[in-house]
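Working notes, structure below.
The values are calculated or read from the model by the stated rules, or taken from the named source; none is laboratory data. From a predicted model like this one, the values you see are computed outputs, not experimental measurements. Note that we place each Cβ from the backbone using ideal geometry, even for glycine, and neighbour counts take in every protein chain shown.
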């Protein structure tokens, strides 16, 4: 029997380690078999683990149901298996903190100022009930520990795309991925190469050893090779890494291996670990960036040739920095004007596009667009006014000019002009609020370097393909919304009919009541069919539609549908005819779905 002090609702905050341990053990002592369950959602390293585990084992022996949710990873499988001997365990991604819950009390453990613990201990009924409800919801959504451990041990990873921002988590994740990889395709600056040399070089050697034994594809690296990193590049080449030089890397550094794709915009100068990392094991990302890497690799320069050029003081790339905005815009205008095959333009902002339309300086539409043999592609950030402007331009300009809109997610400050895949202009937007291009434009760069041009063409084509996918998704979404909207309108008529007829039916005599009742039933059936159609669409999209197959005579189903349709025809001008088949047709299918299809075809 609990004491009077125990029955008083209260919440206390503890920071002293002795009081925390005492409070925790008191909490366990109150959990007996008179409670229906004992829930635990926390990290796997509890306070005073030996004492706690012994206490939990005693509770299990008292038939207390112990449950725990945690984030099961490769690094804590051993601890998870120990916990499974005492409690039911389930996995959920990203579980942090520590919550211990019984039918009457709640303990929340948090870490403040690195290693300092803080514990909140409460027996407030409303708070406990709320946390129990949350725990039950999480428990239903969590994955059984046996399943998750089996996936990890068998190398099975569920599709997942996420952003890591904790340096220690990034380091451990990269180590795990490299340990299990048999190939690496890397497109990143020399800072990443220094980071690999400092942290993962031995693991890279293992991948190279596998490749020498005929296992895997080894390691290929695209980077910018210069005087400063030449010696480091040579170390990797001597180890067996294939390296090629690209004059200008894509804005996003990425790595692809057998199963994973990683990307970051951090420069990793001096070998520093990146501060954020996009990671995914979804095949669409892995395949896409593998293809992008191959395109860049084919255009790259062999590292040994590049290093010989550096030693000989040769730099074949023609790069010109243009400080004058007037000169830069004039050069860009002439490039587009003199295009022979193709002009690719990607604007940094909607304002940049508007400024050029008003000045007619950069695009040179009136002259270049008239050359039907010159294909012009223009990428513009999303903007409602831009869409209206493009709609008007579509009437005025020929089919060889194509516009596409991309969502503003890159926060780019440069406009890119690419001509015939031989020359490019990179124009910085210094102040996007200005009304004329001359004051808005800052530093610009011209180049006819093959590697630079190809790199930017790859970026442009990548965004161009992404806009195609985005438009397809928008069309699909529009069709779905239109269907639901039409269905919703269709539902109004039978619902209104039901309401009106039900009100009238009580005021007429028996014969009329029967007629109105028949009409009501027909409307109800129509409403039911429309509702079922909506549910079917939902099931089809979620891939949960189930078919109940059985063998039946198709003739009878068709005749039943025709009889039902005849009873629903109220227009004397509509005539429904059918013929009797002399041969019985038997099929094995879902009878209800076949009836639904025939009815829809007959309407």
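Taking the stretch 1-107 as the region of interest, the strands (runs of 3 or more DSSP E) fully inside it that hold 2 or more residues being outside the structural domain of residue 173 (by TED's automatic domain parsing), over 30 Å from residue 175 (Cβ atoms) and at pLDDT below 75 are 11-14, 38-42. Listed by position, the helices (runs of 4 or more DSSP H) contained in the stretch 163-239 that have at least 1 residues being without any contact (Cβ under 8 Å) to a residue 60 or more places away in the chain and loosely packed, with under 14 Cβ neighbours inside 10 Å are 167-179, 201-212, 230-239. With respect to (1) modelled with pLDDT under 80; (2) touching a helix residue (DSSP H, G or I) at 6+ places or on another chain (Cβ under 6 Å), the lone exception for residue 381 is condition (1). When residue 332 is tested against (1) surrounded by fewer than 21 Cβ atoms within 10 Å (Cβ to Cβ); (2) farther than 20 Å from residue 233 by Cα, just one condition goes unmet, and that condition is (1). Only one entry of 402, 388 meets the criterion of being assigned to a strand (DSSP E or B), closer than 20 Å to residue 467 by Cβ and at pLDDT below 85, and that entry is 402.
Residues that are assigned to a loop (DSSP other than H, G, I, E, B) and in contact with a strand residue (DSSP E or B) (Cβ under 7 Å, 6 or more places away or on another chain) within the stretch 544-558 comprise 547, 548, listed in sequence order. Looking at the stretch 411-434, is at least one residue within 30 Å of the chain's Cα centre (by Cα), modelled with pLDDT under 80, under 23 Å from residue 455 (Cβ atoms) and surrounded by 14 or more Cβ atoms within 10 Å (Cβ to Cβ)? Checking the stretch 411-434: at least one residue is within 30 Å of the chain's Cα centre (by Cα), modelled with pLDDT under 80, under 23 Å from residue 455 (Cβ atoms) and surrounded by 14 or more Cβ atoms within 10 Å (Cβ to Cβ). Within the stretch 430-446, residues that are in contact (Cβ under 8 Å) with a residue 40 or more places away in the chain reach partners that are part of a loop (DSSP other than H, G, I, E, B) with beta carbons closer than 6 Å, at six or more positions or on different chains, in the pairs 432/349; 440/431; 440/434; 442/430.
Only a single criterion out of (1) over 22 Å from residue 420 (Cα atoms); (2) at pLDDT 70 or above; (3) surrounded by 11 or more Cβ atoms within 10 Å (Cβ to Cβ); (4) out of contact with any strand residue (DSSP E or B) (no Cβ under 8 Å at 6 or more places or on another chain) is not satisfied by residue 462, namely (1).
Is one or more of the residues making up the stretch 136-148 outside the structural domain of residue 106 (by TED's automatic domain parsing), modelled with pLDDT of 85 or more, surrounded by 16 or more Cβ atoms within 10 Å (Cβ to Cβ) and closer than 21 Å to residue 279 by Cα? Checked against the condition, which is being outside the structural domain of residue 106 (by TED's automatic domain parsing), modelled with pLDDT of 85 or more, surrounded by 16 or more Cβ atoms within 10 Å (Cβ to Cβ) and closer than 21 Å to residue 279 by Cα, the stretch 136-148 yields no hits at all.
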